[in-house]
Amino acid sequence: MSSIVDGLDLSPFGDDYWNGCEAQGRFPEEFWRHVSERRVPGLILSRESGGLGMGLRELCEAVMGIVSSGAGIGVYPLISNNLAGKVIESFGKDRHREFLRGLAEGRYLCGLAVTEEQAGSDPSGIGARARRSGSGYVIEGRKFLVANLIRATHYLVLCRTSEPEGGRWWKGLTLFLLDKSSPGVEFAVRPSLSMGHLPVGELVLKGCTVGEEDVIGEPGAGWVALSRALVADRIAYGAVGAGIAELALSRAIRWASSRRAFGRPIGANQGVQLPLAAISAKLSALKAYVLQVAERFDRGESVEVDAMAAKYLGAEVAMESVSTAMRVFAGHGFLKGTTVERLVREVWVLMAGPVTQEIALAYIAHRGLGLPSTL
Ligand SMILES: Cc1cc2nc3c(=O)[nH]c(=O)nc-3n(C[C@H](O)[C@H](O)[C@H](O)COP(=O)(O)OP(=O)(O)OC[C@H]3O[C@@H](n4cnc5c(N)ncnc54)[C@H](O)[C@@H]3O)c2cc1C
């Protein structure tokens, strides 16, 4: 599908590679080096920032191709660096130029730390506080379900620096670029359903000092600095959903063609082939939609509702495809070391992140359909 992916040669990184990384809880270093040499972690960053100067559409094409080649959710650090880089490129300072180059070249890995134990779908409950101290800030708080905990070098951390104004919860939240090796930063991995190779857990900030120069955007306006990247993230998640759906479908077709029962391939039965054909039809529509929304995003259009729809549809089609593949593999799909077994666990990431399916629908109901807001 994508000339970017065609030029990447992903052949060393097939199912065995990704199943192995996930099973061993090992960051995919070889893959990361491979894509970093080609500056794919900076695909949407400008050439002045060391990136490839492409758009979200090209990033989504690359994501679909990489995910469906076997990576599954293993593509996550690539999305992370691209989107964090875009925020810093738009709202950072001159001193961040070297950092941007490092992101594009994969020397740095920057994650996003917004969620807290008491503030998931509802970020108005963010309790991490940054108070002014000398020429900088001191942060106290705990971020929760933060991904790439071991390998990430930096995080964009959202903290409250002043009380919300006029009932607007997002006012008074400030975004900081935090070096994970700074004094006062600790982290604790939490064993989880999947993503053991990109582990999630808590980022604990105890008296952690950040200079004023690492405030991204204006103090108190961190949500504004993040907002466009959050829209892009939802579209990119739609692309991940399409990639996972395609990966599950292709493995199911292969198995349906080779596995025999009652003297014929199981795929000769309509009970097996029709659900696969239905996924194929839905997947074609999903891909076209995600790429169209990404293209409109690149043109600067307001695509907030469509971005939520892309995220929602991506997760639904991925879930249906993985569940169908699991039926086709039946007992063989239960075995550790098979791609479908990994995908059954990975697909749940799309249901929760970056927003849940219910939050996506509630947003569409209000902003798209004009019904009362529940958010
Ligand atoms: C694998 C993984 C990686 C993640 N990585 C990161 C990361 O790197 N950085 C980061 O900041 N966060 C990350 N997250 C967190 C993610 O963004 C949150 O899990 C998500 O926003 C949902 O929050 P929650 O889990 O607290 O669910 P809750 O907010 O507790 O919601 C629980 C349930 O209530 C429903 N619900 C809540 N309000 C409403 C409503 N108004 N209408 C209908 N239903 C409602 C939800 O849909 C959900 O079903 C990650 C999560 C996962 C699972």
Farthest toward the dipole's positive end in the chain, which of Ala239, Gly217, Ser181, given Cβ charges of +1 (Lys, Arg) and -1 (Asp, Glu) about the Cα centre? Ala239
More than 18 angstrom separation, counting every C-alpha pair in the stretch 1-97; what % is that? 44 percent
Let me check something: with ligands and nucleic acids excluded, how do Ile44, Ile253 order by accessible area (1.4 Å probe), largest to smallest? Ile253, Ile44
With -39,500 (n - 2.57) per DSSP H segment of 4 or more residues and division by the full residue count of the chain, the 222 nm estimate, nearest 500 deg cm²/dmol, is -15000 deg cm²/dmol
How much of Phe144 can a 1.4 Å solvent probe reach, expressed as accessible area in Å² and rounded to 10? 40 Å²
Where the stretch 110-221 is the region considered: accessible area per residue in Å², 1.4 Å probe: 44 Å²
Could you compute how fast the chain diffuses translationally, taking Rh as the Kirkwood radius over C-alpha pairs and applying Stokes-Einstein at 20 °C with viscosity 1.002 mPa s? Give it in µm² per second. 101 µm²/s
With only Lys, Arg, Asp and Glu charged, each at its Cβ (+1 for the first two, -1 for the last two), find how big the charge dipole of the chain is about the Cα centre; round to the nearest 20 debye. 580 debye
For the stretch 224-368, just the Cα atoms, rotate onto the principal axes and tell me the three extents in Å, largest first. 60, 27, 24
If you take the C-alpha gyration tensor of the stretch 110-221, multiply each eigenvalue by 5 and take the square root, what semi-axes do you get, largest first, in whole Å? 23, 17, 11
Just to be sure I understand the rule: take each whole DSSP H helix in the chain, project its Cα atoms onto its long axis, keep it if the span is 24 Å or more and its mean Kyte-Doolittle hydropathy is at least 0.0. Which ones pass? 222-258, 270-298, 304-329
Whole-percent carbon and sulfur share, accessible surface of the stretch 110-221, 1.4 Å: 51 percent
Rg/Rg_globular for the stretch 148-278, with Rg_globular taken as 2.2 N^0.38 Å and Rg from C-alpha atoms: 1.65
Quick check on my link table: of Lys287/Lys336; Lys287/Lys311; Lys171/Lys206; Lys86/Lys287; Lys180/Lys206, which ones sit more than 19 Å apart, alpha carbon to alpha carbon? Lys287/Lys336; Lys171/Lys206; Lys86/Lys287
Lys, Arg +1 and Asp, Glu -1 on Cβ, resulting dipole of the stretch 224-368 about Cα centre, debye, nearest 20: 660 debye
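The values are calculated or read from the model by the stated rules, or taken from the named source; none is laboratory data. Treat the numbers as computed from the prediction; the structure is a model and nothing was measured. Neighbour counts run over all protein chains shown; Cβ positions are idealised from the backbone, glycine included. For the accessible areas, the whole protein counts, side chains as well, though only heavy atoms, and no ligand, DNA or RNA atoms are used. Shrake-Rupley method; radii C 1.70, N 1.55, O 1.52, S 1.80 Å.
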